[in-house]
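Accompanying notes for the structure given below.
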Amino acid sequence: MTSTGQATVTVTSGGGAHLTVGKADESVDERFARLEAGLAKLAAQMIAGRAEVQGELDRVTKRIVEQGDRLDVADAGLRALAKSVAVSTARLQLWGLILVGCGTVLMAAPAIVAVFVV
């Protein structure tokens, strides 16, 4: 079987594969040279793709860390607010007890004065 001509198959959109079938009268050295050139090009594309993926990974990692920091700040703010509310509630309860005590003393004052005056 004899074949002549050249066929080219190109697959892109993520794959980036490229296959070229050379001429039938092409020598083995020429085919190997073309194969080496294709492999070198593929290796360069893989290195560039890896760098792109690594860059995207770094950006996503940075965004995750920033989001975690924001969540930590929000959590700390919420904890501080809860603590402030608890302390304020305790203070209000203490003031309430003091006022009740003062009211009790004021209510008992006439009876105490009546005992000593009479």
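The values are calculated or read from the model by the stated rules, or taken from the named source; none is laboratory data. Remember, predicted model here, so these are calculated numbers, not experimental data. A quick note on method: Cβ atoms are made from the backbone with ideal geometry, for glycine too, and the neighbour counts reach across all protein chains shown. The protein model used for the area step is the full one, side chains on, heavy atoms only, and it has no ligands, DNA or RNA in it. Shrake-Rupley method; radii C 1.70, N 1.55, O 1.52, S 1.80 Å.
Here are the numbers for this structure:
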| read-out | value |
| --- | --- |
| Pick from the stretch 66-96, criterion among the hydrophobic types (A, V, I, L, M, F, W, C) and open to solvent by less than 70 Å² (accessible area, probe 1.4 Å), ranking: nearest to the chain's Cα centre (by Cα) | 74 |
| Condition check for residue 35: open to solvent by 70 Å² or more (accessible area, probe 1.4 Å) and under 23 Å from the mean Cα position of the chain (by Cα) | no |
| Meets criteria (out of contact with any strand residue (DSSP E or B) (no Cβ under 8 Å at 6 or more places or on another chain) and either free of Cβ contacts under 8 Å to residues at least 60 places away in the same chain or aromatic (Phe, Trp, Tyr) (or both)) for residue 34 | no |
| Single residue of 50, 63, 59 found to be surrounded by 10 or more Cβ atoms within 10 Å (Cβ to Cβ), over 18 Å from the mean Cα position of the chain (by Cα) and among the charged types (D, E, K, R) | 50 |
| Candidates 23, 62 - the one that is free of Cβ contacts under 8 Å to residues at least 40 places away in the same chain, of a type outside the set (Gly, Ala, Ser) and outside any helix (DSSP H, G or I) | 23 |
